[in-house]
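The values are calculated or read from the model by the stated rules, or taken from the named source; none is laboratory data. Here the structure is a predicted model, which means the values were calculated and not measured. Cβ placement follows ideal geometry from the backbone for every residue including glycine, while neighbour counts extend to all protein chains displayed. Ligands, DNA and RNA are stripped out before the accessible areas are found, and what is left, the full protein with its side chains, is counted by its heavy atoms. Shrake-Rupley method; radii C 1.70, N 1.55, O 1.52, S 1.80 Å.
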Amino acid sequence: MIAPTGKTKRRRVIAGNWKMYKTQADTRAFFSAFLPLVDGVTDCDIVVAPPFTDIPAAVEAAKGTAVAISGQNVYWEKEGAFTGEISAGMLVEAGCRYTLIGHSERRQFFGDTDDTVLKKTKAALAAGLTPIVCVGEKLADYQAGNTEHICQTQFLGSSNSLTPEEFSRILLAYEPVWAIGTGHTATPEIASAVHKFLRSCAAARFSESLAANLRILYGGSVKPDNIKGLMAQEELDGVLVGGASLDPKSFASIVKDWPR
Ligand code: PGA
């Protein structure tokens, strides 16, 4: 496999996934506290993914700032009899620029598969959204040494039939399931090794230059006290933060407090 040099400078991304937390009032309160704290940060992309019902309040609050709003999930059809689903066009209309796709909680509890992740990714791209496609192995797979196999299958299953142009517009998030919400962060070295492996898969499937430009985020118990070590790794192009993104101060310190 080709080993990319990693010398390409990739713009970092700090993304928060609120999961099913916060009301609209909480959303407004979060942004009133958060925005002044990150004012002036221009050297990374900042993304917040609130629940669907909070999106208009988040978009309104973040208007004119560098903070972009993301969906947490999307459906692949444009419209139709799909009770409970939201289309990519609807997310765009609501003001989203990103959407998470295939988060491990969607894969575990709501039936997302590599196939549906691919359909969602294509639909999101067609609507002009930047998909943040999530992959990651469960604890048993990690313990059995199957991390690379699982991640490769999910990654290529989720991106195999993307055109190179489509592929160039996705972000990938490596989120080991055993690290999500558990307080057990992957060490910077573990995360970095998996990112490197995923990048080599991208080089083999697409091209070395597309792989070198692919931004890969790490997620799983990212906190203000471990952000420095994680972001010091050249292979980590950013983070996807769950719990610690709910508090404006802790999320702001994750946005700001790493070696530039
Ligand atoms: P966590 O969640 O930071 O609370 O572990 C990360 C995620 O699920 O994206």
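Summary of values
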quantity: Breaking point among (1) within 15 Å of the ligand (Cβ to nearest atom); (2) more than 17 Å from residue 170 (Cβ to Cβ); (3) outside any helix (DSSP H, G or I), for residue 259; calculated: (1)
quantity: Residue ID - farthest from the ligand (Cβ to nearest atom), chosen from residues in region 67-115 that are of a type in the set (Asp, Glu) and crowded, with 17+ Cβ neighbours inside 10 Å; calculated: 114
quantity: Scope region 210-234; condition in contact (Cβ under 8 Å) with a residue 40 or more places away in the chain, open to solvent by 10 Å² or more (accessible area, probe 1.4 Å) and either more than 15 Å from the chain's Cα centre (by Cα) or over 16 Å from residue 9 (Cα atoms) (or both); matching residues; calculated: 210, 212, 213, 221, 226, 229, 232, 233, 234
quantity: Hey, residue 106 among the basic types (Lys, Arg) and closer than 19 Å to residue 180 by Cα or not; calculated: yes
quantity: Residue match in region 121-132 (condition: farther than 19 Å from residue 100 by Cβ, of a type outside the set (A, V, I, L, M) and in a helix (DSSP H, G or I)); calculated: no
quantity: Test for residue 25: is it within 16 Å of the ligand (Cβ to nearest atom) and either open to solvent by 20 Å² or more (accessible area, probe 1.4 Å) or touching a residue at least 40 places away in the same chain (Cβ under 8 Å) (or both); calculated: no
quantity: Qualifying residue in region 234-245 (condition: within 27 Å of residue 20 (Cα to Cα), among the acidic types (Asp, Glu) and within 15 Å of the ligand (Cβ to nearest atom)); calculated: no
quantity: Qualifying position, being in contact with a Leu (Cβ under 7 Å, 6 or more places away or on another chain) and either of a type in the set (S, T, N, Q) or buried (at least 20 other Cβ atoms within 10 Å of the Cβ) (or both), among 169, 199; calculated: 199
quantity: Test result for residue 100, touching a Lys or Arg at 6+ places or on another chain (Cβ under 9 Å), at pLDDT 95 or above and assigned to a strand (DSSP E or B); calculated: yes
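Residues checked against (1) surrounded by 15 or more Cβ atoms within 10 Å (Cβ to Cβ); (2) closer than 30 Å to residue 84 by Cβ:
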site	(1), (2)
33	no, no
38	yes, no
43	no, no
46	yes, yes
50	yes, yes
58	yes, yes
